[in-house]
Amino acid sequence: MAHPAHYREAHPFIFVMTHWINLVSIVALTISGFYIHYPFLPGLMSVARGMHFFFMFVLLINLAVRIIGAFTVKSATRLGSREVDTDIKNWLPQKLNRGQMWPWLKYYLFLKKEHPIGAKYGVLQKLAYLFTVPLTLAAAYTGFAIWGPTMDWGFFIAGTDAVGGPMHMRIIHYYIMWGFIVFTAIHVYLANIEGTDPSKLIFKWQETEGLQFDAEGKVIGGKGH
Amino acid sequence: MAHEDHDAIYDLLAARGVSRRDFLKYCGSIAALLGLSQSFVPEIARAVNQAARLQPAVWLHGGACTGCTESMAQLGTPDIATVVLDILSLEFADTLSMAQGEDALAAAEAVFEREGEYILIYEGAVMKGFEGNALRVGGMTGLYELEHAAPGAAAIVAVGSCAVDGGFVMANPNPADATGVQAYLEEKGIDTPVINLPTCPMNPDWVVAVIVDVLLLGSLETGAILDKLDRFNRPKYIFSQTIHDNCPRRGHFENGNFVTEFGTEEEAKGYCLYKVGCKGPQTYTNCPIVRWNRKVSWCVESGAPCIGCGSLDWVDVGAPFLNRHRDLPLPNIGNTQPSTIAGVVAGVAAAGLAVHGIGMKATGRTSGGAPYEEMKERDRKRMKKGGGE
């Protein structure tokens, strides 16, 4: 047994909520988006569009809440520890991340046997998670640029003209959705491939025991030590 | 006296079998088209009536299929629109002129000398290819003809998509290096105002509306026309709403009643054509309102999905016309649908994860997990080198 302990401090309750809202919104947006792209069943266009516009706002408001939370809520600085600091610090490069990009890559490419030291999030994880912020904003921008009530606003017309018209904007919006699908697939895979403890914590807010780490990333005890 | 003023036009109309009531109704539709209230109807009627001075006009053809001329020729039999169009004294038109050869060109030349007085109507693409020799007129290049005619015109009306941005003539691979009138004149530093009327072909009612606006209501003289044009120099009163906004099949769209295949019951019921590639949601024209062929019908109403001919670069952007998305030209592969590309990328990602998962299982990471490193690799190397930190 060599999994880190998963304590509630890693994901304070508000982030469990925002994660749930993200999940529901993205699934709803993807399904309704596929339907709007090509209505595979009769009779649901109004429902699909209604869902799409509703969850678009939910996702954006949720993103705002998550970002505010990052600056106002404290979360654990690493797994296997209850030591907390302002959440945003866990998103920026930390001491434990330094020089660890290559070891993480090697680990996932099976070129390294040992699990690299990481902070709450590893280098690649931070990059991937942070990337979802611009990805969400890009989905929103391209979506508003092809949505009837807002497509004529100067701010969106400028983008539509820059990409060569609404057809291209539509295709970019479509690809951003695929970006979310691929991100989610990799995210779900990596989060659970070595055990489902992360899922238990983020979905059920359920703690699991495991290895404990000190500030240097060294194992100092806990279950499985 | 006023009554006598009216006599001339009403006699003219009567000769064409049009009643005064029909004429006023038509003026009402022009007012609506121009975004004016119905209180403008008498003013439009008066303007048409008092348009004593004929406005010289020249109709030139670039790389054109003559479809726009054909569209205008719908008005060849007497009707109310021709009364308005009669205000234009068409001194020269490649297709319609009775005169031929040198005589016809001389007539055009005579108009070009009346600087600032004539309207230039340009149909077809400006073909720059082969040093301008993609099109030759009267022994000269088509480019020369345009450059010669444009500077002296009071305004240029670019009719049809080809004149607006090259239309289907500039579709990939565009061997004739076709472009639109406005872009070409900007390139040459000629600043005559250009009014763009895209679609393939253009709608004659739009020409009527523009003539009433520009000539009779004085928009060109006062410069007001410039405020009425959008960023592509299209009159806003024609090109500010999408076809989807005003589509008679919109109810079926909202209800989710779609035609999936032609020749089906859904098609017979007149369901929405969105699934068979209708570009109405992204095409800004008022086709559903003005309609075509003497207001008989228009594309979507007659059962064909909109192919987006009122948009810029409409062939490359809209084809294949029966698909929701355009094709993307991939190097060495050719035209591919965006959904195919997305499916392949996602499939590769999924396969990658599956293979990786097998690797994770084989290395025992899925069950017990790998042991954690004692120290970062970097720190370990530093320690080896010189005693470490």
Can A:Asn90 be described as of a type outside the set (Gly, Ala, Ser) and either touching a His at 6+ places or on another chain (Cβ under 6 Å) or closer than 30 Å to B:Val355 by Cβ (or both)? no
Just one of B:Gly116, B:Gly124 is open to solvent by 10 Å² or more (accessible area, probe 1.4 Å), assigned by TED's automatic domain parsing to the domain that holds B:Phe168 and within 29 Å of B:Glu221 (Cβ to Cβ); which is it? B:Gly116
Pick from the stretch A:20-79 the residues that are of a type in the set (Gly, Ala, Ser) and more than 23 Å from A:Ala145 (Cβ to Cβ): which of them is surrounded by the fewest Cβ atoms within 10 Å (Cβ to Cβ)? A:Gly43
Restricting to the stretch A:125-150, name every residue that is surrounded by fewer than 17 Cβ atoms within 10 Å (Cβ to Cβ) and within 18 Å of the chain's Cα centre (by Cα). A:Leu127, A:Ala128, A:Tyr129, A:Leu130, A:Phe131, A:Val133, A:Pro134, A:Leu135, A:Leu137, A:Ala138
How many of the residues making up the stretch B:296-314 are more than 11 Å from the chain's Cα centre (by Cα), open to solvent by 20 Å² or more (accessible area, probe 1.4 Å) and touching a residue at least 40 places away in the same chain (Cβ under 8 Å)? 1
Of all residues in the stretch A:171-203, count the ones that are more than 10 Å from chain B (Cβ to nearest Cβ) and small (Gly, Ala, Ser). 2
If B:Leu34 meets every condition in (1) open to solvent by less than 10 Å² (accessible area, probe 1.4 Å); (2) at pLDDT 75 or above apart from one, which number is that one? (1)
Wholly enclosed strands (runs of 3 or more DSSP E) of the stretch B:38-132 bearing at least 3 residues at pLDDT below 80: B:88-93
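What residue, among those in the stretch B:331-389 that are of a type in the set (A, V, I, L, M, F, W, C), part of a loop (DSSP other than H, G, I, E, B) and within 10 Å of another protein chain (Cβ to nearest Cβ), is farthest from the chain's Cα centre (by Cα)?
Here the answer is B:Met375.
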Residue ID - most open to solvent (accessible area, probe 1.4 Å), chosen from residues in the stretch A:151-169 that are part of a helix (DSSP H, G or I) and farther than 25 Å from B:Leu328 by Cβ: A:Phe155
Criterion violated by A:Lys200 - all others in (1) touching an Asp or Glu at 6+ places or on another chain (Cβ under 9 Å); (2) assigned to a helix (DSSP H, G or I); (3) open to solvent by less than 30 Å² (accessible area, probe 1.4 Å) satisfied: (3)
Tally up the residues in the stretch B:205-247 that are outside any helix (DSSP H, G or I) and either within 14 Å of chain A (Cβ to nearest Cβ) or within 14 Å of the chain's Cα centre (by Cα) (or both), please. 12
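The values are calculated or read from the model by the stated rules, or taken from the named source; none is laboratory data. As the structure is a computational prediction, the values presented were derived from the model and not from experiment. When we count neighbours, we look across all protein chains shown, and the Cβ atoms used for this are built from the backbone with ideal geometry, even at glycine. The accessibility values were calculated without ligands, DNA or RNA, using every heavy atom of the protein model including side chains. Shrake-Rupley method; radii C 1.70, N 1.55, O 1.52, S 1.80 Å.
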